[in-house]
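Here's the structure we're looking at; comments come further down.
The values are calculated or read from the model by the stated rules, or taken from the named source; none is laboratory data. What you are looking at is a predicted structure, and each value in this text was computed from that prediction instead of being measured. Cβ coordinates were reconstructed from backbone atoms using ideal geometry, including for glycine residues, and neighbour counts include every protein chain displayed.
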Amino acid sequence: MSLPKISTAEIIADFPIFTRKIRDGKRLVYLDSGATSQKPQCVIDAESNFYRTHNAAVHRGAHQLAEEATDAYEGARAIVARFLHAEIDEIVFTKSATESLNLVAYAIGNADSANRFHIKAGDEIVVTEMEHHANLIPWQQLASRTGATLKWFEVTPEGRLELSQLDRVITERTKIVALTHQSNVLGTINPLTQITQRAHKVGAVVVLDACQSVPHMPVDVRTLDVDFLAFSGHKAVGPTGIGILWGKSQLLNELPPFLTGGSMIENVTMTNATWAKAPKKFEAGVPNMAQAVGLGAALNYLDNIGMSSIFDHEQELTRYGLQALSEINDLKIVGPSSPVDRGGTLSFTVGDIHPHDLGQFLDAQGIAVRTGHHCAWPLTRKLGVPATTRASFYLYNTTEDIDALVAGIRAAQKYF
Amino acid sequence: MQLDNLYQEVILDHYKNPQHKGLAAHFDAQVHHINPSCGDEITLNLTLAGDVVTSVSWDGVGCSISQASVSILTDLVIGKSLEDVEKISQSFMELMQSKGSIAGDEKLLEDAVALAGVSQYPARIKCALLGWMAFKDASVQAQAKGK
């Protein structure tokens, strides 16, 4: 059965930002959803309606507003759980995916020697060379605080993980394997099964950075076989200031807290405290409530369109984009050149034109791209490119957007 | 096209034919500066005779703005006293922070006035300043060494 095609015209109409003009009247060609996505009106409304009609601190207060705010916030948690096929208590709200990943790293660092997560000198933490700084530095720092050793999977010239040494990278000493589901630079979608099987065989937990996958493809945590998963709301047509940490129930219950304070406690005396059950144990302080509610609206919006249809649409754009870009002289794709197991993130270099200059030139045509090392400096160093230009697609992009990009690059080649 | 305000001929000329690029073997101070948001890098060597700049050489990778700016800087400062360079540097900073409201003192800044358009693109100001910050750092180090 083929999936219903998505109607980009209808989708574009849902996003008010596409009615504005860029740089003296040009149409906005937004190819930077890998950095942050645009927001549909229903998300903007959900967030502002919360402030307009229900605003109160959740889980506190004996009044009607507090009750409504709590319902809205917990309702959003239920939506996230349904979206990921998870249990409600497995969803932790954070302020960002970066915070989600740091939460896991710091909480593991807080585990005492009686705790299953305890980590010490001699233990190993495994990452990959294609990690965003947000899924590299927390582990680098955890290793340096505990004396554990940081190891990593290398990246092949084609932009895939080098898995031939799997058993040497993940060993009996490995306690944590942290990797990205889809590279924010290369677009590579990583094969997880081999890695999760090996990790679990040696008793390690797998932490998945799903920032570039959850917004773009169906993700079912029951079949992924990872232990923790992080993503951010703002890349999934949701608001900024809201991130998700999903963890298996049992593991969240055993994991010590990271931030401590209000809301996350069970009982407190002047000298001691005990913790609430997960997810509250990980949500100290008044949370970003309106943003959580906005994220709920965002995931409902994506769900109504259908994640499989969104994935198919982006696959079509990726095929079209790879073909169109490959026809430009001196343009080199950084990452897999075939659309197999790769998402709609295309990084490239164009001859000697520096990405900053190319990005500036494209901006003058109304085309928004990202330039630089994309917060994955070790990766761009490994690939021998100081910086790249990146075009990333989402549900509101069309082949016309890619045509505009191609025309813009050709014009830049004449200009510089 | 508004873009031409940013990419003036002078800038593209310096970018394509950078001045004093290639590191001198001898120097009083060597610095390495990085722009962490975009990955641009520069290494700059400086030699002083008393308080006069006798040699500046550099190598680096980066966009046309950062490369042209350091090329222009070397032309401007070689042979001048650090006191004069400070005046030039202050005038250049003022130009970069002007948001397009001033054209720059051409007598003082020479080719550097071509970078005036950069001040209207906030994200690019740090590109133009990379080489200038490196020079400032190197001159402090070279002076400390001379004492």
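The one condition from (1) surrounded by 14 or more Cβ atoms within 10 Å (Cβ to Cβ); (2) in contact (Cβ under 8 Å) with a residue 40 or more places away in the chain that A:Asp220 does not meet is (1). Screening A:Asn253 on (1) surrounded by fewer than 16 Cβ atoms within 10 Å (Cβ to Cβ); (2) within 30 Å of A:Ser309 (Cα to Cα) shows it passes everything except condition (2). For the range A:402-414, check the following and say yes or no: at least one residue is of a type outside the set (Ser, Thr, Tyr), within 24 Å of the chain's Cα centre (by Cα) and modelled with pLDDT of 95 or more. Yes - at least one qualifying residue is present in the range A:402-414.
Within the range A:37-71, the set of residues being surrounded by 14 or more Cβ atoms within 10 Å (Cβ to Cβ) and β-branched (Val, Ile, Thr) comprises A:Val43, A:Ile44, A:Val58, A:Thr70.
Hey, can you tell me all the residues within the range B:71-85 that are part of a helix (DSSP H, G or I) and either within 14 Å of chain A (Cβ to nearest Cβ) or among the polar types (S, T, N, Q) (or both)?
Going residue by residue through the range B:71-85, those that are part of a helix (DSSP H, G or I) are B:71-77, B:82-85.
Matches in the range B:71-85: B:Ser71, B:Thr74.
In the range B:116-142, which residues are touching a Leu at 6+ places or on another chain (Cβ under 7 Å) and more than 12 Å from chain A (Cβ to nearest Cβ)? Within the range B:116-142, B:Ala116, B:Ser119, B:Gly131, B:Trp132, B:Ala134, B:Phe135, B:Ala138, B:Ser139, B:Ala142 meet the criteria. For the range A:204-222, the criterion of a residue being among the small types (Gly, Ala, Ser) and within 20 Å of A:Ala376 (Cα to Cα) is satisfied by at least one position.
Yes or no: the range A:319-332 includes at least one residue that is within 18 Å of A:Met130 (Cα to Cα) and among the aromatic types (Phe, Trp, Tyr). No. From the list A:Gly261, A:Gly187, A:Gly243, the one residue that fits, being crowded, with 24+ Cβ neighbours inside 10 Å, touching a residue at least 12 places away in the same chain (Cβ under 8 Å), closer than 30 Å to A:Gly61 by Cα and not aromatic (Phe, Trp, Tyr), is A:Gly243.
Quickly run through the range A:276-306 and pick out the residues that are of a type in the set (Phe, Trp, Tyr) and surrounded by fewer than 17 Cβ atoms within 10 Å (Cβ to Cβ). Steps first, answer last, please.
Taking the range A:276-306 as the starting set, the residues that turn out to be of a type in the set (Phe, Trp, Tyr) are A:282, A:301.
Within the range A:276-306, none qualify.
Within the span defined as the range B:59-67, one or more residues are more than 25 Å from B:Asn5 (Cα to Cα) and either buried (at least 17 other Cβ atoms within 10 Å of the Cβ) or out of contact with any Phe, Trp or Tyr (no Cβ under 7 Å at 6 or more places or on another chain) (or both).
Residue-by-condition table, conditions (1) within 23 Å of A:Ser392 (Cα to Cα); (2) among the charged types (D, E, K, R); (3) touching a helix residue (DSSP H, G or I) at 6+ places or on another chain (Cβ under 6 Å):
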position	(1), (2), (3)
A:Glu10	yes, yes, no
A:Ser37	yes, no, yes
A:Glu47	no, yes, yes
A:Ala56	no, no, yes
A:Glu68	no, yes, yes
A:Ala86	no, no, yes
A:Val92	no, no, yes
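What about A:Ile6, is it surrounded by 13 or more Cβ atoms within 10 Å (Cβ to Cβ), in a helix (DSSP H, G or I) and among the aliphatic types (A, V, I, L, M)? It is false that A:Ile6 is surrounded by 13 or more Cβ atoms within 10 Å (Cβ to Cβ), in a helix (DSSP H, G or I) and among the aliphatic types (A, V, I, L, M). For the range A:24-34, state whether one or more residues are in contact with a helix residue (DSSP H, G or I) (Cβ under 6 Å, 6 or more places away or on another chain), polar (S, T, N, Q) and within 18 Å of A:Gly243 (Cβ to Cβ). Taking every residue of the range A:24-34 in turn, none turns out to be in contact with a helix residue (DSSP H, G or I) (Cβ under 6 Å, 6 or more places away or on another chain), polar (S, T, N, Q) and within 18 Å of A:Gly243 (Cβ to Cβ). If you filter the range A:141-154 down to residues that are surrounded by 15 or more Cβ atoms within 10 Å (Cβ to Cβ) and part of a helix (DSSP H, G or I), you find that the one that is farthest from the chain's Cα centre (by Cα) is A:Thr146. Residues in the range A:246-272 that are among the β-branched types (Val, Ile, Thr) and within 22 Å of the chain's Cα centre (by Cα): 0 in all.
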